[in-house]
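Visitor: Before anything else, here's the structure in question.
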Amino acid sequence: MPAGMAAAHASTLLPLPASHAAALMVFWFSGDRESGPNVQIAASQYDRATRQWSAARFVVNRFAMGGQLGYGVRRLGNPVAWMDGHGRIHLFVVATGGGGWAASRVLHLRQSSAANSLQELAFEPVRALPLSWLWNTSFLVRNAPLALADGGMVLPVHFELGIKYPTALRFDSEGNFKGMVRVSQRPYMLQPALVMQSPTQWLAVMRDERPKGKIGVAHTVDGGQHWNDLPDLALDNPDAAVAGLGLGPGQMLLAHNSSIASRGTLDLSRSTDGRNWARVQTLEHGAPDDEFSYPAMLWLDGSLWISYTVDRHRIAWARLQPGATPAGAKP
Amino acid sequence: MSTPTSVPWGDWLTQLLATDAPALPTAVAMQIGLHLGWSVVLAWLGVAAAVRWWPGQRSRSQRLWGVALLMALWAWAPGTYSPAYWLGLAFQTPSTVTVWLCAGLLWERLAPPATAPSSLSVAVADRRVLALATLGVLTGWALLLDTFAWLPVQWYAWGFSPAASGLVLLVALLPWVLGRSLARSGRFSWWAVPVALLVWVVWRLPSGNVWDAVLDPLLWLVLHGLVIRRAFRFMRG
């Protein structure tokens, strides 16, 4: 945590090239409180040699971004990171306009520093992605992009002014915006997480905002050109974000809160078909008032890396190796 | 199985309808577009306010020029001192049609023609311009419904395709197709959509989406007022 900051939320993981001194980076938003005026995007890197996380530092400030955009950014929220074909890091950050989260835009930032070591890392705004005619509100980003074979990616976002619906944005290998496709027709699905089953068949697993909801699913068989809703998964969901990961054909992982009314339990589940999920292990289990939420996952160097929010105060992480005892800590 | 001639036609149609290859404006172009757009809108608002609430200024064009210049320059002030910084936060960049209409109204106010007083309501009195305004209202409704996913098609996303700009161009040419002569006052309004398309084609402003170039929510609200008022007058005979 950056010094003096009481709140932390919505982490996202980014793998770094094998030649980099650090194996991966984590980004999250931090400040006095969620949606506070001093919230910035913080980052830390996991050093390969020392196997330690570096001291966190802020890499995105709303005042600096506003100055470069030419117009104000009221608040910062969820970040999502991606590395393009040139090795440049892109950040997609929730940035509010004239209102609360419902007035959010997705701000696209690109690495402006020559190097991407944490101390040198700096970003410049590319643009607020043009996603809506209504003053370009109210789209938010949360989950990691789905990497494509051509070097591009698909970034899941959602709309949330009054109703919720998920949308998938396509980018080429340079990070250029290439269009948008609505993922679900159901007006209560948000924060989609994309899971690749094959190069053309993907799942979108989604948070359901309804009370006593399940985890929603949509499916594409043509590489994201068209999507169809599927019946909900049998898994309970307390209106909380989920994270999905496709490791290969028939190997899918899901990190999710598994009780109806609490974010106090965070589970990791596995599936071969995307329909039937079996719990692999419970990552956290606390009291009903505890919160272990907003998981992010990454497969790197033969390990599963997971980060998540603890009580909105800090970011925890775990490294799971098949057949081994999980390593983890709470930086 | 495709015939040799149907393949190029199919490819051409696919390209025309494609929404997956949008060209977006550069960061520099967006910054200039933001400040230029709001400077024109603010200049017109300032002059309109001065004429309305500053008695005796109607004939003092030099002072009106001063007001316009001051308001326009204010939009270029650095950082948070600029109203564009705050207007952009809430409303992003105004559509090029809005900017063009404000520029036209401003010009007619600063250098008034010898004939009728200038206003959008005068322009809308022309049936062809009224038809355009009505189309703007309907288009705005389609875009609003699409924003809330209440349409089966993604109308806003279609604004990234070449076909959408072609359709807008056809609509923009309606005043010329339907009539030979148009009222002198408010003539600038005929050019609003073609100019917006030209700016969109060259610089992709304001966002890379053609709907943002021709219509913004504030203009859409104004068009409602103009069309409804005209409709009431028509009904009263």
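Every read-out reported here was derived from the displayed coordinates using simple, explicitly stated rules and does not represent laboratory data. None of the values given here were measured: they were computed from a predicted structure. Positions of Cβ are generated from backbone atoms using ideal geometry, with glycine treated the same way; all protein chains shown enter the neighbour counts.
Visitor: As I understand it, the dipole of region B:25-235 uses +1 on the Cβ of Lys and Arg and -1 on the Cβ of Asp and Glu, about the Cα centre. Which of B:GLY140, B:TRP76, B:ALA192 lies farthest toward its positive end?
Guide: The listed residue farthest towards the positive side: B:ALA192.
Visitor: Here is a follow-up. Looking at the square roots a ≥ b ≥ c of the eigenvalues of the Cα gyration tensor of region A:1-156, which shape do they give, rounded for a/c under 1.5, prolate if a/b is larger than b/c, or oblate?
Guide: Values: a/c = 1.86, a/b = 1.29, b/c = 1.44.
Verdict is oblate for region A:1-156.
Visitor: Separate question: Taking the Cβ of A:SER35 as the centre, find all other residues whose Cβ is under 13 Å away and add up their charges (Lys, Arg: +1; Asp, Glu: -1).
Guide: Numbers: positive: A:ARG33, A:ARG62, A:ARG74, A:ARG75, A:ARG312; negative: A:ASP32, A:GLU34.
Around A:SER35, the surrounding residues sum to +3.
Visitor: OK, next. With chain A treated as a Gaussian network of Cα nodes joined by springs under 10 Å, which of A:THR137, A:THR50, A:THR96 yields the largest mean-square fluctuation?
Guide: Per the Cα network of chain A with a 10 Å cutoff, A:THR50 tops the list.
Visitor: Let me ask something additional. From the residues A:LEU146, A:SER113, A:ALA204, which one has its Cα farthest along the dipole of chain A in the positive direction, the dipole being from +1 and -1 charges on Cβ of Lys/Arg and Asp/Glu about the Cα centre?
Guide: A:SER113
Visitor: Using a simple charge model, +1 on the beta-carbon of Lys and Arg, -1 on the beta-carbon of Asp and Glu, nothing else, what dipole does region A:1-127 show about its Cα centre, in debye to the nearest 20? Mind dumping the intermediate values first?
Guide: On the way: 11 positive and 6 negative charges, 36 e Å.
That gives region A:1-127 a dipole magnitude of about 180 debye.
Visitor: Roughly how big is region B:25-235's charge dipole about its Cα centre, with Cβ charges of +1 (Lys, Arg) and -1 (Asp, Glu), in debye to the nearest 20? Before the final figure, lay out each step's value.
Guide: Working: 14 positive and 5 negative charges, 174 e Å.
That gives a dipole near 840 debye.
Visitor: Given springs between every Cα pair under 10 Å in a Gaussian network model of chain A, which of A:SER19, A:SER293, A:SER271 has the largest fluctuation?
Guide: A:SER19
Visitor: A further question follows. Which of rounded, prolate or oblate describes chain A when judged by the alpha-carbon gyration tensor and an a/c cut-off of 1.5?
Guide: Values: a/c = 1.25, a/b = 1.10, b/c = 1.14.
Here chain A falls in the rounded category.
Visitor: Where does the charge balance sit around A:LEU203 when Lys and Arg score +1, Asp and Glu -1, over other residues with C-beta under 11 Å from its C-beta? Write out the running numbers ahead of the final one.
Guide: On the way: positive: A:ARG275; negative: A:ASP273.
Once all neighbours under 11 Å are counted, the net charge is 0.
Visitor: Give me the percent relative contact order of chain A, please, defined on Cα pairs under 8 angstrom at least 6 residues apart. Before the final figure, lay out the partial values.
Guide: Working: 964 pairs, mean separation 36.7, N = 331.
About 11 percent, as a whole number.
Visitor: Right, next: Take peptide A:116-128, look around each residue's Cβ out to 10 angstrom, count Cβ atoms belonging to other protein chains, and average those counts.
Guide: Numbers: counts 0, 0, 0, 0, 0, 0, 0, 0, 1, 2, 4, 7, 4.
Counting other chains' Cβ atoms within 10 Å and averaging over A:116-128 gives 1.
Visitor: Could you work out how far apart the two model spin labels at A:ARG275 and B:LEU73 are, taking each label as a point 7 Å from the Cα in the direction of the beta carbon, and quote it in nm?
Guide: 7.1 nm
Visitor: Using only alpha carbons, build the gyration tensor for the protein assembly as shown and give me the equivalent ellipsoid semi-axes, biggest first, whole Å.
Guide: Values: eigenvalues 449, 146, 86 Å².
Semi-axes (√(5λ), whole Å): 47, 27, 21.
Visitor: Once you average over the residues of B:25-32, how many Cβ atoms of partner chains fall within 10 Å of each Cβ?
Guide: Values: counts 2, 2, 8, 0, 0, 7, 4, 1.
Taking the mean over all residues of the peptide, I get 3.
Visitor: Aspartates and glutamates within cross-link reach of A:LYS214: Cα-Cα under 13 Å, excluding same-chain residues under 8 positions apart?
Guide: By straight Cα distance, A:LYS214 reaches A:ASP232, A:ASP236, A:ASP239.
Visitor: Still on this structure: Which one of A:GLY302, A:GLY248, A:GLY100 has the biggest mean-square fluctuation once chain A is modelled by GNM with Cα springs under 10 Å?
Guide: Answer for the Gaussian network model of chain A: A:GLY302.
Visitor: Calculate the radius of gyration of the Cα atoms of region B:25-235 to one decimal place, then report Dmax, the largest Cα-Cα distance, as a whole number, both in Å.
Guide: Rg then Dmax for region B:25-235, in Å: 17.5, 54.
Visitor: I've got another one for you. Over all directions, what mean area does the Cα convex hull of region A:196-331 project, stated in square nanometres? Write out the running numbers ahead of the final one.
Guide: Working: hull surface 33.6 nm².
Computed as one quarter of the Cα hull surface, the answer is 8.4 nm².
Visitor: Quote the Stokes-Einstein diffusion coefficient, in whole µm² s⁻¹, for region A:217-287, based on the Kirkwood radius over alpha carbon pairs, a temperature of 37 °C and a viscosity of 0.692 mPa s. It would help to have the intermediate numbers written out before the result.
Guide: Details: Rh = 13.1 Å.
Value of D from the Cα-based Kirkwood radius: 251 µm²/s.
Visitor: Then there is this: Enter the Cα centre distance for the pair region A:13-69 and region B:31-80, rounded to the nearest angstrom.
Guide: Computed from Cα coordinates, the inter-centre distance equals 43 Å.
Visitor: Looking only at other chains, what is the average number of their beta-carbon atoms within 10 angstrom of each beta-carbon in A:64-76?
Guide: Averaged over the peptide's residues, the number is 5.
Visitor: Evaluate the charge dipole of the protein assembly as shown about its Cα centre and quote only its size in Debye, nearest 20, assuming +1 on the Cβ of each Lys and Arg and -1 on the Cβ of each Asp and Glu. Show your work: numbers first, answer last.
Guide: On the way: 44 positive and 32 negative charges, 430 e Å.
For this selection, approximately 2060 debye.
Visitor: What is the diffusion coefficient of region A:138-219 in µm²/s, taking the Kirkwood radius over Cα pairs and the Stokes-Einstein relation at 37 °C with a viscosity of 0.692 mPa s?
Guide: After rounding, the answer is 255 µm²/s.
Visitor: Do the sum for the protein assembly as shown: with -39,500 (n - 2.57) for every DSSP H run of n ≥ 4, divided by all residues, what is the mean residue ellipticity at 222 nm, to the nearest 500 deg cm²/dmol? The partial results should precede the final answer.
Guide: Working: 14 runs with 168 residues, N = 568.
Computed mean residue ellipticity for the protein assembly as shown: -9000 deg cm²/dmol.
Visitor: Let me ask something else about it. Peptides A:35-42, A:148-155: what's the order by average Cβ count within 10 Å, highest mean first? Intermediate results must be reported in sequence, preceding the final value.
Guide: Values: A:35-42: 19.2, A:148-155: 17.1.
Order by mean packing, descending: A:35-42, A:148-155.
Visitor: Hey, with R₀ at 60 Å, roughly what FRET efficiency would B:SER61 and A:ALA55 work out to, going by the Cβ-Cβ distance, to 0.05?
Guide: Working: r = 63 Å, r/R0 = 1.05.
Between B:SER61 and A:ALA55 the formula returns 0.45.
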